[in-house]
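Beneath this line is the structure, given in structure tokens, with notes to follow.
The values are calculated or read from the model by the stated rules, or taken from the named source; none is laboratory data. Quick caveat: nothing in here was measured; it's all calculated off a predicted structure. All Cβ positions, even for glycine, are placed from backbone atoms using ideal geometry, and neighbour counts span all protein chains on display.
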Amino acid sequence: MKKKVLLMMVMMSLLCLFGCGNKANGEGAQQNTEETQTNESVKVDVKDATELLTNVWSVYEEAERFPVGGGDYDNIVMDAPGKYDVSKAEEMDSVLGLPQDSVALIDDAASMMHMMNANTFTCGAFHLKDASGQQAFADALKDNIMARQWMCGFPDTLLIVAAGDDYVISAFGNAEIIEIFKTKVLAQYDAAEVMYEESLTE
């Protein structure tokens, strides 16, 4: 019964997010000076994007944890990150903020979000088909998220991290939760670097 209730809450949160983050407000994005520049191939030792996020979630202390769900709308995973079907371009835009024309650049994705309110924490991890396009992919992702008109409560902060040269992780939400998430990602992966960290409330 508890799992059914939690599943319903995740579905309601996703539906709310579909209606809350689809409109652009036309405001320009502030350029972050911390852009990742690498000349060597750097990899993280994971099999896929789901494992990438699972490793991060596994190092959270009990007091730092919050109710999470992962996956896409049709395949929700309770209490853990889950695989996101990359064929769902429109849904990925609505839920994770990935521009629809950037979906063709990835071959794997995963998500993790707060089950009570997706604007409190939503995270996506994306594996790039071509690592040389990482910066352009991150730029498009950042611009798309920052251009949204948040009608159901503003997330405070947007974070985009390069995990090696073939993964990009994005997260937006409550500033304190994002800060903890950033700390966990950077501690878990030596090859991880912050590409952007932007306020969404200014």
Test Ile169 against the stated conditions and say whether it is among the β-branched types (Val, Ile, Thr), in contact with a Ser or Thr (Cβ under 9 Å, 6 or more places away or on another chain) and under 24 Å from Ile76 (Cβ atoms).
-> no
Number of the exception - Thr54 against (1) within 12 Å of Met112 (Cα to Cα); (2) modelled with pLDDT under 90 | (2)
Tell me which residues, restricted to the range 153-196, are charged (D, E, K, R) and surrounded by fewer than 17 Cβ atoms within 10 Å (Cβ to Cβ).
-> Glu176, Glu179, Asp190
Just wondering, is there one or more residues in the range 99-109 that are modelled with pLDDT under 95, outside any helix (DSSP H, G or I) and out of contact with any Cys (no Cβ under 6 Å at 6 or more places or on another chain)?
-> no
Test result for Met78, more than 23 Å from Met151 (Cβ to Cβ) and in contact with a Gly (Cβ under 8 Å, 6 or more places away or on another chain) | yes
Would you check which residues across the range 142-171 are at pLDDT 95 or above and in a strand (DSSP E or B) and list them?
-> Thr157, Leu158, Leu159, Ile160, Val161, Ala162, Ala163, Tyr167, Val168, Ile169, Ser170, Ala171
Return the pairs, sorted by first residue and then second, in which the second residue is assigned to a helix (DSSP H, G or I) and among the aliphatic types (A, V, I, L, M), the first residue lies in the range 184-202 and is under 19 Å from Thr54 (Cα atoms) and touching a residue at least 60 places away in the same chain (Cβ under 8 Å), the beta carbons are less than 6 Å apart, and the residues are 6+ apart or on different chains.
-> Lys184/Val56; Val185/Val56; Gln188/Val56; Ala192/Val185; Ala192/Leu186
Has the range 112-135 got at least one residue that is farther than 24 Å from Ile76 by Cβ, polar (S, T, N, Q) and assigned to a loop (DSSP other than H, G, I, E, B)?
-> no
Among all residue pairs at least 6 apart or on different chains, which show Cβ distances below 6 Å where the first residue, located in the range 80-105, is more than 23 Å from Trp57 (Cβ to Cβ) and the second is acidic (Asp, Glu) and at pLDDT 95 or above?
-> Gln100/Asp93
